[in-house]
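Encoded as structure tokens, the structure appears first; notes follow it.
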Amino acid sequence: MHHVVIALFCVSVVAAHLSPGHTRKSLSIGTPPQTKFISPFATLEIPRVAIHQDKHTDALDAAKRFIENELISAGSFDIRPDSYTDKSTGVTHVYARQVVNDLEVIDGDINVNVKDGAAISYGQALYLNDKPTQLPSEILGVGKEEQYGATDGQTVMDAKPLLGSHLASSIGSSSMKAALLQFMLEATPLQTKRDDILDNYDSHLARMSITVPQSFNPSTRRRTVAITNVPDAVSPVKAYLAYAQVSRAAEASTRLELVWKFEVEMHDNWYEAAVSASPPHSIISVVDWVADSPIKPAPSGELATYNVFGWGINDPEEGSRSIETETPDVLASPLGWHSLPVANDPSLNTAQHQDDPLRNTTTTYGNNVFAHENWAAGTEWINNLRPDGGKHKIFDFKYAPQPGNQSGALEEARAYINASVAQAFYISNLLHDLFYRYGFDEASGNFQQSNFERGGRENDGVILDVQDGSGMNNANFATPPDGENGRCKMYLWNTAYPWRDASFDAGVLIHELSHGLASRLTGGPANSACIGFGESSGMGEGWSDLIATLIRSKPNVTAYNTGAWIGNNSYGQRHYPYSLDNTTNPLTYKTLNSQPYNKEVHAMGEVWAEILWVVAQRLIAQHGFSESLFPPQPLANGTIPTGEFYRPATFTAEGTRQPLVPKHGNSLILQLLINGMKLQPCRPSFFQARDAIIQADQVLTGGENFCTLWHGFAERGLGRDSRYDGKTPWGGGVRKDGFAVPTECTAIQNHGAVGR
């Protein structure tokens, strides 16, 4: 039985160069609702407003009252459990989701930033039109339980395939499975699988079964079930009923549509999809959690050593390998890099190891990262090959690829797999610790197996596949919500002979891991769909490029290519080097009007990264350059020394230590980027991300760098008078450069100028 595949929006297919003649198909579908971000520095579309309300002692209570009084006076919403307080800045980041007819609006996102009991900024993408007149049960023709083809109280232990005669006619169950199968028709990259689904449509529907997790609660907003036997899915698909905001050009308005929300893990994709609950089950939105880079307490025992390209060496053409010692940060990695609690070890049965709560390994397997080969390109990974450093944890393996005939290139690369895995493990752990010290900790959604009872959801260390066999010339990172493992895939590149291994290009690996940072911090740890559309998707690539470039940067060097070694191209894999020179890199905000910058996410990201690079260089000119981005380790009493890294500590009138401020420009911009990600709304625009960075400086330094930041943004067209005219939910419009700065900054022009 053949069914027509219907998609109402454009589908973006990412060419990831997996192998000659083959591309990784990646769907990006949707017209996200308009997002507003209100801060003291918001300058576009909406006037400045006073956003401070009456101060309340409890931050969550303050945010709730603010939402009730200012945003949804007659509506309903839920405060999300992934809200948290930043230990460094004292800002509480509160995330909420709009609710209509007892169902969440999946893109009705709210974030309120609270400090000292008052809202300092907020973002929202609320649905404010008339509510649907039909209830979900009326649309589906079933009651609450039958919407899911299940009965209250059913657990995973006694759940049965829900295909019995009493449920076979359930419209809700049928709707869910039919909607999912419609999505799989569009999502599968394999024509043979697509043909199989079309030819055996009813058989696939019959084989798909719905089971109810033990935590299922029909009285909650999100009643998630699992669907098994889904063609081309590698794990059970999570599903629940919700609303999505739908804008259609013909209607010139936005309405709510009842959808099935799916989380679908496939071999090369991990989708969050919304599909209409009503026939013909149109695909409403899709975000691929996998982001590509098709580049054009102290541990027990002795510390490990690694023969690697050290931190700051971008690739083999930039330096030599050396013996480096494991340097776990005592705050970020209290067990070191090669240990983890037995309770959080996915390879062990906890009941069999009750006498020894800690597992110390001699392989590239620890609390932050599981690194290994994945030549077979499988989804299973626990038993994959890892280098063993022996009882002294000495990871000294040969890396000396030799030129030869092309037919032997794969074997030549596989011969140094131990060195490759050790290199990736070393860099990934250092980056984990670096991000932690700048605020990407457990509460904000970082990647760790054990969170040491410090907040957030655990059991989500990074799974790092080295020399992944699913393709070539690529690297990618999948970021599911907090509590689910991120997965990074590093590939071999046939751009030169011998082939090159992406794990030896630190910029590529750091770029990928930085996708996890931006995805978890933007919109809250539990929402992985906040940088999947429009400008925000491009900014995701830009943040990753900027962070990788900051880490490799040297004093007095202001121009860098990206991906030059791995791509065997001296010009790099971007259109221009990142540079202060307008001739070397002419990109400005209005460049986004032209191809490929208005469509392709990596090209769009180049514009954002270049703007941030100019901002970073202004801060460096003003504050100087730190040779190391790593903060000092805490003292025995837990106090962080200021030393040469931070400015002298300051204290409130009550004696409370204020957040420490990095002393130098390159460390300061990294701190402001991370703090800004926490402040900005879900699906931010260039303007909103800019305003969040400026507010991050206001929170951290009292606005000392206000003018320096504005001059940096304005230099590349993102000044106060920049505009985006004619923008619609479907794209279009014209971006216009603006070079103006606030009035109080007009007399300050030099790179080294002091802020207001």
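Can you tell me how much longer the chain between K398 and D721 gets when fully stretched, taken as 0.36 nm per residue apart minus their C-alpha distance, in nm with one decimal?
Gain in length upon complete extension: 110.7 nm.
All other residues with a Cβ under 11 Å from the Cβ of Y240 taken together, and with Lys, Arg as +1 and Asp, Glu as -1, what is their net charge? Present the calculation step by step, with values, prior to reporting the outcome.
Details: positive: R221, R222, R223, K238, K261; negative: E104, E263.
Computed value for this residue: +3.
Could you list which residues have their amide H under 5 Å from that of V259, counting only those 5 or more apart in sequence or on another chain, with H placed in the peptide plane?
Sorted by chain and number, the residues that satisfy this are A242, Y243, A244, A277.
Just going by the charge dipole of the range 398-538, with Lys and Arg at +1 and Asp and Glu at -1 on Cβ, which of G516, G445, M490 is farthest out on the positive end?
M490
Compute the distance in nm between two label points, each set 7 Å from the Cα along the Cα-to-Cβ direction, one at A649 and one at E302.
That separation, rounded to one decimal, is 3.6 nm.
How much net charge surrounds A377 when only other residues with a Cβ under 10 Å from its Cβ are counted (Lys, Arg +1; Asp, Glu -1)? Intermediate values should be presented prior to the final figure.
Working: positive: K489; negative: D268, D465, D468.
With Lys, Arg at +1 and Asp, Glu at -1, the neighbours total -2.
Quote the relative contact order of the range 531-756 in percent (integer), defining contacts as alpha-carbon pairs under 8 Å separated by 6+ residues. Display every interim value, and only then the final one.
Values: 385 pairs, mean separation 44.7, N = 226.
Answer for the range 531-756 is 20 percent.
Would you mind pulling out the separation of the Cα centroids of the range 226-287 and the range 506-536, in Å?
Each part reduced to its Cα centre gives a spacing of 21 Å.
Taking the Cα centroid of the range 611-630 and of the range 707-741, what is the distance between the two, rounded to the nearest whole Å?
22
Please state the shape class of the range 531-756: rounded when a/c is under 1.5, otherwise prolate if a/b exceeds b/c and oblate if not, all from the C-alpha gyration tensor. Spell out each step's value before the answer.
Values: a/c = 1.77, a/b = 1.43, b/c = 1.24.
Verdict is prolate for the range 531-756.
Is there a pair in K131/K177; K87/K678; K131/K238; K599/K736; K87/K115; K393/K489 whose C-alpha atoms are over 22 Å apart, and which pairs would that be?
Values: K131/K177 26 Å; K87/K678 12 Å; K131/K238 26 Å; K599/K736 17 Å; K87/K115 12 Å; K393/K489 25 Å.
Those over the limit are K131/K177; K131/K238; K393/K489.
Charges only on Cβ, +1 for Lys and Arg, -1 for Asp and Glu: so what's the dipole of the range 531-756 about the Cα centre, in debye to the nearest 20? Don't skip to the answer; put the middle values down first.
Numbers: 19 positive and 18 negative charges, 35 e Å.
The dipole magnitude comes to about 160 debye.
What is the list of residues in the range 545-565 whose amide nitrogen lies under 12 Å from a point 7 angstrom out from the Cα of T584, following Cα to Cβ?
Counting backbone N atoms under 12 Å from the label point, the list is 554, 556-562.
Provide the net charge surrounding R647, with neighbours chosen by a C-beta distance below 13 Å and charges set as Lys +1, Arg +1, Asp -1, Glu -1.
Working: positive: R657, K663; negative: E644, E704.
With Lys, Arg at +1 and Asp, Glu at -1, the neighbours total 0.
Counting other Cβ atoms within 10 Å, keep those with at most 16, restrict to DSSP loop, and tell me which trypsin sites (Lys or Arg not before Pro) in the range 386-455 are left. Present the calculation step by step, with values, prior to reporting the outcome.
On the way: sites: K391, K393, K398, R414, R437, R454; in loops: K391, K393, K398, R454.
Loop-located and lightly packed - K391, K398, R454.
So which GluC sites (Glu not before Pro) in the range 558-652 end up in coil per DSSP with only 15 or fewer other C-beta atoms within 10 Å? Mind dumping the intermediate values first?
Details: sites: E600, E606, E610, E627, E644; in loops: E600, E627, E644.
Counting only loop positions with at most 15 other Cβ atoms within 10 Å, the GluC sites (Glu not before Pro) in the range 558-652 are E627, E644.
A short reminder: the numbers here are calculations on the coordinates, not readings from a lab. Since this is a predicted model, take the numbers as computed values, not measurements. Quick reminder, even Gly has a Cβ in these numbers, built from the backbone with ideal geometry, and neighbours come from all protein chains shown.
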